[in-house]
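Contents: one structure, followed by commentary.
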Amino acid sequence: MTDSQLVQLKDTTANPAPLGLLGFGMTTVLLNVHNVGWIPLGSMILAMGIFYGGLAQLIAGIMEWKKGNTFGTVAFTSYGMFWLSLVALLVLPKLGWADAQNAAGMGAYMLMWGVFTLCLFVGTLHASIATRVVFGTLTVLFFLLAAAEFTGALALTRCAGIVGLVCGASAIYTAIAEVLNETYGRTVLPLGGH
């Protein structure tokens with residue numbers, strides 16, 4: 001008989017969630033500044049969609065996989081791909097590589113993302129209040145955007161823009177809270193109980 005030793009590995013890698021939340025939150029705020037009608041849809045929003053909303057979230061999702069966090073992996077990787085696919089939907093027709101998607105197709109796209117987000121929202125019911133707010137408002141945002149596409153009602157797009165500003169701001173808050181709370185080793189910005 002041999003003696004066995006218990007070997008425990010300590011994960012010393014950084015928390016990737018703030019990166020993913022900031023990529024999502026800042027890009028969401030900027031797109032919804034457009035949706036409320038304050039700025040046109042231009043290269044700044046598209047670039048944020050590719051690089052910060054898209055690639056930074058994709059990287060955060062891969063980092064969450066390395067940490068063994070299935071929820072973070074699925075959420076950040078999926079929403080990173082959402083941003084990349086949304087930019088592709090907007091840019092491919094301008095390049096002449098594909099026909100522009102009609103409103104019904106865009107409505108279906110937003111509806112599917114709403115259903116997906118609703119499923120993830122259920123997964124946040126054991127998480128912090130801040131995380132629940134991010135996913136709850138995002139669920140409402142996608143369903144409003146789907147309804148706006150299906151009906152062509154500009155008022156729904158504007159309403160979605162307001163919800164999107166709240167959603168994006170809540171993601172930014174959650175990310176900054178996680179960074180500051182970790183940096184100071186105490187609660188600087190509360191996230192709400194689990």
Scanning region 91-144 for residues that are among the aromatic types (Phe, Trp, Tyr) and in contact (Cβ under 8 Å) with a residue 12 or more places away in the chain, the one most open to solvent (accessible area, probe 1.4 Å) turns out to be Phe143
What pairs come out if I take residues in region 22-43 that are under 15 Å from Ala175 (Cβ atoms) and pair them with residues that are open to solvent by 20 Å² or more (accessible area, probe 1.4 Å) and basic (Lys, Arg) whose C-beta lies under 7 Å away, six or more apart or interchain?
none
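For region 181-194, indicate whether the set of residues that are buried (at least 19 other Cβ atoms within 10 Å of the Cβ), farther than 18 Å from Val29 by Cα and among the acidic types (Asp, Glu) is non-empty.
So in region 181-194, the residues buried (at least 19 other Cβ atoms within 10 Å of the Cβ) come out as none.
No.
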Under 7 Å between Cβ atoms, at least 6 apart or on separate chains: pull out the pairs that start in region 181-193 with a residue that is among the acidic types (Asp, Glu) and end on any residue that is assigned to a loop (DSSP other than H, G, I, E, B).
Glu182/Asn15
By residue number, the members of region 160-174 that are open to solvent by 10 Å² or more (accessible area, probe 1.4 Å), in contact (Cβ under 8 Å) with a residue 60 or more places away in the chain, among the β-branched types (Val, Ile, Thr) and more than 20 Å from Gly107 (Cα to Cα) are Ile172
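Restricting the search to region 1-51, which residues are assigned to a helix (DSSP H, G or I), surrounded by 10 or more Cβ atoms within 10 Å (Cβ to Cβ) and not hydrophobic (A, V, I, L, M, F, W, C)? Talk me through it step by step, then tell me what you get.
Taking region 1-51 and keeping what is assigned to a helix (DSSP H, G or I), we get 17-35, 43-51.
Checking which are surrounded by 10 or more Cβ atoms within 10 Å (Cβ to Cβ) leaves us with 17-35, 44-51.
Answer for region 1-51, where residues must be assigned to a helix (DSSP H, G or I), surrounded by 10 or more Cβ atoms within 10 Å (Cβ to Cβ) and not hydrophobic (A, V, I, L, M, F, W, C): Pro18, Gly20, Gly23, Gly25, Thr27, Thr28, Asn32, His34, Asn35, Gly49.
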For region 55-74, indicate whether the set of residues that are open to solvent by 40 Å² or more (accessible area, probe 1.4 Å) and small (Gly, Ala, Ser) is non-empty.
yes
Ala88 being part of a helix (DSSP H, G or I), open to solvent by less than 40 Å² (accessible area, probe 1.4 Å) and out of contact with any helix residue (DSSP H, G or I) (no Cβ under 6 Å at 6 or more places or on another chain)
yes
Would a scan of region 113-133 turn up a residue that is over 12 Å from the mean Cα position of the chain (by Cα) and assigned to a loop (DSSP other than H, G, I, E, B)?
yes
Which one of Glu178, Glu149 is buried (at least 17 other Cβ atoms within 10 Å of the Cβ), among the acidic types (Asp, Glu), in contact (Cβ under 8 Å) with a residue 12 or more places away in the chain and within 16 Å of Met26 (Cβ to Cβ)?
Glu178
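The values are calculated or read from the model by the stated rules, or taken from the named source; none is laboratory data. Computed from a predicted structure; not experimentally measured. Glycine also receives a Cβ, built like all others from the backbone with ideal geometry; neighbour counts cover every protein chain displayed. Please note that ligands, DNA and RNA were not included when accessible areas were found on the heavy atoms of the full protein model with its side chains. Shrake-Rupley method; radii C 1.70, N 1.55, O 1.52, S 1.80 Å.
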